[in-house]
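This report refers to the structure that appears directly beneath it.
The values are calculated or read from the model by the stated rules, or taken from the named source; none is laboratory data. All values derive from a computational prediction rather than experimental measurement. Reconstructed Cβ throughout: ideal geometry from the backbone, glycine too, with neighbour counts over all protein chains shown.
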Amino acid sequence: MMAYDPVTNRWDLGLRARGIVLLGAGEPIVLCAVDWIGIANGGHDAFREALAHAAGTTRQRVAVHSLHQHDAPDCDFSAERMLQEAGLDPRQYDSRFQRQVIGHLETALRKALPRAQPITHLGLGEAKVEKVASNRRILGPDGKVRDTRWTATTDPKVRAEPEGVIDPMVSLVSFWNGERPVAVLSYYATHPQSYYRTGIPNPDFPGIARFFRQLAVPAALPIHFDGAGGNIGAGKYNDGAPENRVVLAERLADGMRRAWENTKRQPIAANDVRWSVEPVALPPAKHLVREKLEAQLQARDPKFVVEGNASKLAWLRRCLAGHQIDIACLGLGRARILHLPGEAFVEYQLAAKAARPDLFVAVAAYGDYAPWYIGTAIAYDQGGYETTPPASNVAPEVESVLMAAMRKLLQSPP
């Protein structure tokens with residue numbers, strides 16, 4: 001079962017979980033990107049714990065992110081347990097396949113450790129991606145959201161609106177063993193959908209772009225992370241026609257190619273690597289009322305399952321119990337890579353870059369998926385799909401909490 005539909009067939013390009021382990025700079029650091037719609041609550045905990053155990057490190061030094069493709073599985077072990085205990089069908093949260101994947105990842109990581117390669121150089125490069133990203137939220141004269149430009153938009157008038165606030169840059173971080181590239185990490189902020197609800201699991205256009213880059217630089221493992229693209233999609237340049245998938249993939253791959261050609265290398269040693277974590281308690285959304293959700297669960301309301309309320313209730317229970325989410329920052333020489341939860345708005349990524357113009361800053365979002373959309377404070381007043389119940393599981397005060405954590409991590413001395 002995928003997030004929306006059961007699997008009916010296979011495509012030539014399947015889903016991937018890719019990552020690296022950095023050894024020699026304190027306890028191992030693990031970065032992993034998964035071609036799923038989201039990994040939330042207890043599922044996110046389980047992924048990090050398993051990879052930490054396999055790598056011989058702690059959970060706080062493991063970052064797991066999804067790319068948010070929609071023809072892909074969902075994962076939330078907390079929601080699954082809740083539904084099973086209530087005698088309800090866990091549907092997309094049935095974790096049998098997800099737990100198999102975790103086991104395969106553990107095995108792959110353990111087998112990889114003895115083959116670790118020395119890293120002598122770090123490469124940093126970026127380039128503008130043309131005609132892919134556009135802001136989903138079209139504001140009217142009153143400052144409120146007038147239209148939503150979905151990832152596939154059929155209305156030509158809505159597509160014709162300006163791109164709006166985006167981050168057009170794709171950022172590349174590469175690790176080198178002498179003259180040989182070992183891994184290339186790319187970061188770009190946008191929803192990854194061209195079209196979906198096909199019944200065929202596929203990595204959509206970022207996965208195809210990643211494949212193109214694998215062909216172009218076969219020596220290195222390409223790993224792609226979705227940036228803070230909660231309010232960003234390809235809707236200005238995509239009406240949902242299937243042929244647009246490869247068009248968008250080629251445009252993203254072209255940006256990745258130019259970022260690769262712009263890459264500047266510098267020597268790197270263990271003391272140039274830093275991992276910092278700032279745990280934060282994100283404020284739950286006011287519309288999440290525990291008594292109401294618990295009553296729906298006890299009544300076995302079918303909407304409770306269909307609307308994803310099990311994941312929402314799991315998130316709320318964790319928040320009320322004092323749960324904190326780890327905001328992490330990987331320092332690599334003059335580069336800083338921020339690791340954020342949920343579908344964070346692009347303004348967070350732009351703020352991070354503006355806070356340290358002297359550094360190379362990249363952002364990976366879609367870590368713990370439990371918060372769903374993370375808007376800016378003003379966005380909750382503007383309305384629109386992303387910040388109107390039930391799409392966001394956090395309150396407007398989330399901006400001050402998240403921005404403070406980001407600033408603290410970015411200002412930490414090297």
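Just a yes or no: is a residue in segment 317-337 modelled with pLDDT of 95 or more, closer than 20 Å to Gln92 by Cα and either of a type in the set (A, V, I, L, M, F, W, C) or assigned to a helix (DSSP H, G or I) (or both)?
If we filter segment 317-337 for residues that are modelled with pLDDT of 95 or more, which is where we start, we get 317-337.
Narrowing the set further to residues that are closer than 20 Å to Gln92 by Cα leaves none.
No, segment 317-337 has no match at all.
Mind listing whichever residues of segment 384-398 are in a helix (DSSP H, G or I) and without any contact (Cβ under 8 Å) to a residue 24 or more places away in the chain? Talk me through it step by step, then tell me what you get.
Residues of segment 384-398 that are in a helix (DSSP H, G or I), as a first pass: 385-387, 398.
Thr387 - this is the single residue of segment 384-398 that is in a helix (DSSP H, G or I) and without any contact (Cβ under 8 Å) to a residue 24 or more places away in the chain.
Regarding segment 287-308, can at least one residue be identified that is of a type in the set (Lys, Arg) and either without any contact (Cβ under 8 Å) to a residue 24 or more places away in the chain or buried (at least 20 other Cβ atoms within 10 Å of the Cβ) (or both)? Please lay out each step first, then the result.
Kept after step one, since they are of a type in the set (Lys, Arg), are these residues of segment 287-308: 290, 292, 300, 303.
Remaining after also requiring either without any contact (Cβ under 8 Å) to a residue 24 or more places away in the chain or buried (at least 20 other Cβ atoms within 10 Å of the Cβ) (or both): 292, 303.
Checking segment 287-308: at least one residue is of a type in the set (Lys, Arg) and either without any contact (Cβ under 8 Å) to a residue 24 or more places away in the chain or buried (at least 20 other Cβ atoms within 10 Å of the Cβ) (or both).
With the condition kept exactly as written, say whether any residue in segment 22-32 is among the β-branched types (Val, Ile, Thr) and closer than 30 Å to Asp272 by Cα.
Looking only at segment 22-32, we keep the residues that are among the β-branched types (Val, Ile, Thr), and these are 29-30.
This time we only want the ones that are closer than 30 Å to Asp272 by Cα, so: 29-30.
Taking every residue of segment 22-32 in turn, at least one turns out to be among the β-branched types (Val, Ile, Thr) and closer than 30 Å to Asp272 by Cα.
Of the residues Ala253, Ala219, Ala270, which single one is over 23 Å from Arg336 (Cβ atoms), in contact (Cβ under 8 Å) with a residue 24 or more places away in the chain, out of contact with any His (no Cβ under 6 Å at 6 or more places or on another chain) and surrounded by fewer than 16 Cβ atoms within 10 Å (Cβ to Cβ)?
Just one listed residue meets the conditions, Ala219.
Which one of Leu13, Leu51 is closer than 30 Å to Leu122 by Cα and at pLDDT below 95? Talk me through it step by step, then tell me what you get.
On the way: Leu51 fails: at pLDDT below 95.
The match here is Leu13.
From the list Tyr373, Tyr380, which one is buried (at least 17 other Cβ atoms within 10 Å of the Cβ) and either acidic (Asp, Glu) or more than 15 Å from the chain's Cα centre (by Cα) (or both)?
Numbers: Tyr373 fails: either acidic (Asp, Glu) or more than 15 Å from the chain's Cα centre (by Cα) (or both).
The match here is Tyr380.
Scan segment 275-294 for residues that are assigned to a helix (DSSP H, G or I) and not charged (D, E, K, R) and jot them down. Break it down stepwise before answering.
Step one: filter segment 275-294 for residues assigned to a helix (DSSP H, G or I), giving 290-294.
Once the filter is applied, which keeps residues that are assigned to a helix (DSSP H, G or I) and not charged (D, E, K, R), segment 275-294 yields only Leu293.
Name the residues in segment 164-189 that are within 16 Å of Ile223 (Cα to Cα) and in a loop (DSSP other than H, G, I, E, B), would you? Spell out the reasoning first.
Narrowing segment 164-189 to residues within 16 Å of Ile223 (Cα to Cα): 170-176, 181-189.
Residue satisfying the conditions is Ala189 alone.
Look through segment 1-20, keep the residues that are assigned to a loop (DSSP other than H, G, I, E, B) and among the charged types (D, E, K, R), and return whichever of them is nearest to His65 (Cα to Cα).
Filtering segment 1-20 down to residues assigned to a loop (DSSP other than H, G, I, E, B) leaves 1-16.
Right, trim to among the charged types (D, E, K, R) and you get 5, 10, 12, 16.
Working: Asp5: 22, Arg10: 23, Asp12: 23, Arg16: 12 Å.
Result: Arg16.
Is there any pair linking a residue in segment 134-146 that is free of Cβ contacts under 8 Å to residues at least 60 places away in the same chain and closer than 11 Å to Glu161 by Cβ to one that is part of a loop (DSSP other than H, G, I, E, B) and of a type in the set (D, E, K, R), with Cβ under 7 Å and at least six apart or on different chains, and which?
Within 7 Å, the pairs are Ile138/Arg149; Ile138/Glu161.
Out of Phe205, Phe212, Phe225, which single residue is more than 28 Å from Ala391 (Cα to Cα) and of a type in the set (Phe, Trp, Tyr)? It would help to see each step written out before you state the result.
Numbers: Phe205 fails: more than 28 Å from Ala391 (Cα to Cα); Phe225 fails: more than 28 Å from Ala391 (Cα to Cα).
Exactly one residue qualifies, and that residue is Phe212.
Applying the selection to segment 340-373, what residues are in contact (Cβ under 8 Å) with a residue 40 or more places away in the chain and among the charged types (D, E, K, R)?
Glu343, Glu347, Lys353, Arg356, Asp368
When segment 214-239 is examined, which residues are found to be in a loop (DSSP other than H, G, I, E, B) and over 22 Å from the mean Cα position of the chain (by Cα)? Talk me through it step by step, then tell me what you get.
Here is the first cut: in segment 214-239, the ones in a loop (DSSP other than H, G, I, E, B) are 217-220, 227-231, 234, 238-239.
Listed by number, the residues that qualify are Val217, Pro218, Ala219, Asp239.
Pull out all pairs, ordered by first then second residue, where Cβ-Cβ is under 7 Å, the residues are six or more apart or on different chains, the first lies in segment 317-338 and is under 28 Å from Val273 (Cα atoms) and surrounded by fewer than 18 Cβ atoms within 10 Å (Cβ to Cβ), and the second is of a type in the set (Phe, Trp, Tyr) and at pLDDT 95 or above.
So the pair list comes out as Arg334/Phe360.
Anything in segment 151-173 that is in contact with an Asp or Glu (Cβ under 6 Å, 6 or more places away or on another chain) and surrounded by 15 or more Cβ atoms within 10 Å (Cβ to Cβ)? List them, or say none. Lay out the reasoning, then the answer.
Of the residues in segment 151-173, the ones in contact with an Asp or Glu (Cβ under 6 Å, 6 or more places away or on another chain) are 154, 158, 169, 171.
Of everything in segment 151-173, those that are in contact with an Asp or Glu (Cβ under 6 Å, 6 or more places away or on another chain) and surrounded by 15 or more Cβ atoms within 10 Å (Cβ to Cβ) turn out to be Val158, Met169, Ser171.
Which of the residues that make up segment 42-74 are in contact with a Ser or Thr (Cβ under 6 Å, 6 or more places away or on another chain) and under 25 Å from Thr190 (Cβ atoms)?
Within segment 42-74, Asp71 is the sole residue that qualifies.
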